[in-house]
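The values are calculated or read from the model by the stated rules, or taken from the named source; none is laboratory data. Model, not experiment: these values are computed from the prediction. When we count neighbours, we look across all protein chains shown, and the Cβ atoms used for this are built from the backbone with ideal geometry, even at glycine. The area values use the complete protein model at the heavy-atom level, side chains included, leaving out ligands, DNA and RNA. Shrake-Rupley method; radii C 1.70, N 1.55, O 1.52, S 1.80 Å.
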Amino acid sequence: RCEEEDVEMTEDAYAVLTRIGLETSLRYAMQLITAASLVARKRKGAEVGVEDIKRVYSLFLDESRSTQYMREYQEAFLFNELREYLGTP
C-alpha cells in the first residue's frame, strides 16, 4: 500500500503498523498509512516514522476502541436524553 501511495516509511514504523494491523484490522492499518504520511509531510519529514503512526493512531479510533468509547460515555450522548424524555430504560 505504501508503494501505491508513494509513501516512504521507516522499518520501525512498518513494525508498529503491522502490529496494529494484527490487533485491529488490515483495513484500519492501511487507512493509517495515508494519515501518517500527511502528518510526516506536515513536520517536513522525508519518511513516516513511529511517532507519525502513534499520532494518527491516537486521532483515529478502530472499531474496538470506538465501541469502548461509546460504552464509557453513552450517558453524555443525546440519545440518552431522548430515552429519559420518552421514559424508556
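The figures follow:
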quantity	calculated
Portion, in percent, of the accessible area of the stretch 1-59 that falls on carbon or sulfur, probe 1.4 Å	49 percent
Stokes-Einstein D (µm²/s) once Rh is taken as the Kirkwood radius of the chain over alpha-carbon pairs, at 20 °C in 1.002 mPa s	145 µm²/s
10 Å Cβ shell holding at most 11 others, DSSP loop, trypsin sites (Lys or Arg not before Pro): longest site-free stretch of the chain	45-89
Other-chain or far-sequence residues with amide H under 5 Å of M9's (modelled H)	V48
About the Cα centre, charge dipole magnitude for the stretch 1-59 (Lys/Arg +1, Asp/Glu -1 at Cβ), debye	360 debye
With DNA, RNA and ligands ignored, accessible area of L22 (1.4 Å probe; Å², nearest 10)	140 Å²
Per residue solvent-accessible surface (Å²) - the chain, probe of 1.4 Å	79 Å²
With DNA, RNA and ligands ignored, accessible area of Y73 (1.4 Å probe; Å², nearest 10)	110 Å²
Rounded to whole Hz, the Karplus (6.51, -1.76, 1.60) HN-Hα couplings of the stretch 38-52, x for glycine and proline	5, 5, 4, 5, 5, 7, 6, x, 7, 8, 6, x, 4, 4, 5
